[in-house]
Amino acid sequence: MRIAVVPDGEGGGRLRELDGGAPVGPARHVDDLAAEVGRIEGEAGEPPRWIWAATEDVYPELVRAGVRVRRCHDVELTEALLLGHAARHGEPRSLGAAWARAHDLAVPDDPVRRSGEGTTAQPTLFEADRSTLPPGTDRLDALIEVHRGQRERVAESPDPARFSLLVAVESAGALAAVEMSHDGLPWRPDVHDRILTEILGPRPPAGQRPRVLAELAARIGEVVGHEVNPDSPAQVLRAMAWVGHPVESTRSWVLERIDHPVVPLLLRYKELARLHSANGWSWLETWVEERRDPEHPDGPRTGRFRPDYVVGGVVSGRWATRGGGALQIPKAVRGAVRADPGRLLIRADAGQLEPRVLAAVSGDRALAEAAAEEDLYARLAAHVGDDRERAKIGMLSAMYGQTSGDAAPLLATMRRLYPRALGYVDAAARTGEGGGIVRSWLGRTSPAPSDWTATIARADGERRRRAHGRFTRNFVVQATAAEWALVLLASLRQESPSMPEGCGIVFFVHDEVVLHVPEELAEETVRAIHRAEALTRTTLFGDTPVRFPLDISVTDCYAKT
């Protein structure tokens, strides 16, 4: 059963059942949309698939009302996938844009979403109408029409079954993103403050450097012979030239090549300055919501970090965030991620995911046999002098197109051992160099070079062609790895045991997922993770010998995982 739904902006909304894409019966209005969705979810044996314009505009209010749905079809995310499949990346994807294209009308720009809107913002009676439909257009009718058209376009794709799965898991990811933002990653503000104080010194007044950074800046000036502002790339460049080591940039990897006593000071300053700016006290106040645990009123003050995820925010299908830096929580502050009293953190991390994906999609029997081992690189090392690190370099060179230096002989070895795997990415690279597009296992499509015609006429056209070839070489693997992670996330939503408020999946980044669970559900949750991994493997690749082992840790602190 499919049910199309549009909120009315006042807590209610209109719903209409669909048979496939066709309406069944009349539309009806309800005054309490969350209550009605919850009632249908609770009574339906087979979970309905909710059809709405954008999950991040509708679902946050349902979750705040205590209603969670199992399946949906996100028109906006689906439109983006279909546009990409037609080599029209970047075109507007809202409900209004899709409707306008279907009617040969001027296509409106997508509405701008800012950090916190729809996920972490204060409760509202659903989002305002962001559909960008023309005034007077019936939103429910337009939603049903666009949804029906999307189903037809999916059915016309080269592999409808796979593309349908991509649409489903992209929408499932949107549900999970809202739920994770609502529940939040458990965070101890007091521990975070203590970590910062130990590393940087006491919190300084606004606009001033922490003590440790100030001391480093002074020492840098002493070594150079005059005052230097380490936060100014221009001053650092002049300082390096002054000490007789001119450099082209202040990037760490450039400075690391220089043998001079100022370099370790500059590198340490860059490291700590980034911590202070990206995850310092201002970040803590902005992104971590402090609260008291009602079950433990005398316990430490806890908090929640609520990332604002952007599903499919990267062309490969990986997620992005609107501020907060959730995809790069530095090791220095992970000690502040602590489970609430009576609960535990369970982290599941897929190691060596991309080479395992390559083994599965290419059908390379030899690489699949290596990927059946717990440590794929250890198996490959037997062919390169039992040097695991060299084996890793060789495999990454194959996927990323590195052909110079030490990578060249390793790549030749990989090509001899795994011809089908290397042939798979080589073909993707040739397509990219020719200005073409490639697709992931489920059908996510790479963008074509935006200025291909102009590029080939310029002197650096060959360099640009090769660069795009390296991009498409990795795209077919990385995008499929992103799909594997999405299927895992969707499977975990199905397989995980029922959790109390604030528990469940609370963090997701690339190939890692973190759950926050009651202690008594830890073992059952670990079993659910293993079931989800098995379901993910067979859903994507059928009866494959390739293994996708998960490194699972159960602890009270993220830093211990």
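The values are calculated or read from the model by the stated rules, or taken from the named source; none is laboratory data. Please read all numbers here as calculations on a predicted model, not as lab measurements. Ideal geometry is used to build each Cβ from the backbone, glycine not excepted, and the neighbour counts take in all protein chains shown.
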Q. What helices (runs of 4 or more DSSP H) lie completely within the stretch 323-425 and have 3 or more residues being more than 28 Å from the chain's Cα centre (by Cα) and without any contact (Cβ under 8 Å) to a residue 40 or more places away in the chain?
A. 376-381, 407-417
Q | the stretch 22-75, residues that are crowded, with 20+ Cβ neighbours inside 10 Å and acidic (Asp, Glu) | A | Glu56, Asp57, Glu61, Asp74
Q) Among Ala34, Ala27, which is the only one that is of a type in the set (A, V, I, L, M) and outside any helix (DSSP H, G or I)? A) Ala27
Q: Mind listing whichever residues of the stretch 39-83 are small (Gly, Ala, Ser) and part of a helix (DSSP H, G or I)?
A: Gly42, Ala80
Q) What single numbered condition from (1) touching a residue at least 24 places away in the same chain (Cβ under 8 Å); (2) more than 26 Å from the chain's Cα centre (by Cα); (3) more than 22 Å from Gly173 (Cβ to Cβ) fails to hold for His29? A) (1)
Q: Go through the stretch 239-260 and give me each residue that's farther than 18 Å from Leu216 by Cα and either touching a Pro at 6+ places or on another chain (Cβ under 8 Å) or not in a loop (DSSP other than H, G, I, E, B) (or both).
A: Ala241, Trp242, Ser249, Trp253, Val254
(Q) On the basis of being within 30 Å of Pro60 (Cα to Cα) and in a helix (DSSP H, G or I), does Val146 make the cut? (A) yes
(Q) Given the condition basic (Lys, Arg), under 28 Å from Val191 (Cα atoms) and in contact (Cβ under 8 Å) with a residue 40 or more places away in the chain, answer yes or no: does some residue in the stretch 313-321 qualify? (A) no
Q) Is the stretch 170-190 home to any residue that is assigned to a helix (DSSP H, G or I), touching a residue at least 60 places away in the same chain (Cβ under 8 Å) and more than 27 Å from Ala482 (Cα to Cα)? A) yes
Q: Within the stretch 476-516, track down each residue that is assigned to a helix (DSSP H, G or I), at pLDDT 95 or above and over 24 Å from Gly443 (Cβ atoms).
A: none
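Any residue in the stretch 530-549 that is basic (Lys, Arg) and either in a loop (DSSP other than H, G, I, E, B) or at pLDDT below 95 (or both)?
So in the stretch 530-549, the residues basic (Lys, Arg) come out as 531, 537, 547.
Within this subset, residues satisfying the condition of being either in a loop (DSSP other than H, G, I, E, B) or at pLDDT below 95 (or both) are 547.
For the stretch 530-549, residues basic (Lys, Arg) and either in a loop (DSSP other than H, G, I, E, B) or at pLDDT below 95 (or both): present.
Being part of a helix (DSSP H, G or I) and either closer than 15 Å to Ala273 by Cα or touching a residue at least 40 places away in the same chain (Cβ under 8 Å) (or both) is the filter here; which residues of the stretch 203-232 pass it?
Arg211, Val212, Leu213, Ala214, Glu215, Leu216, Ala217, Ala218, Arg219, Ile220, Val223
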Q. Restricting attention to the stretch 463-521, and to residues there that are basic (Lys, Arg) and surrounded by fewer than 22 Cβ atoms within 10 Å (Cβ to Cβ), which single residue is nearest to His73 (Cα to Cα)?
A. Arg493
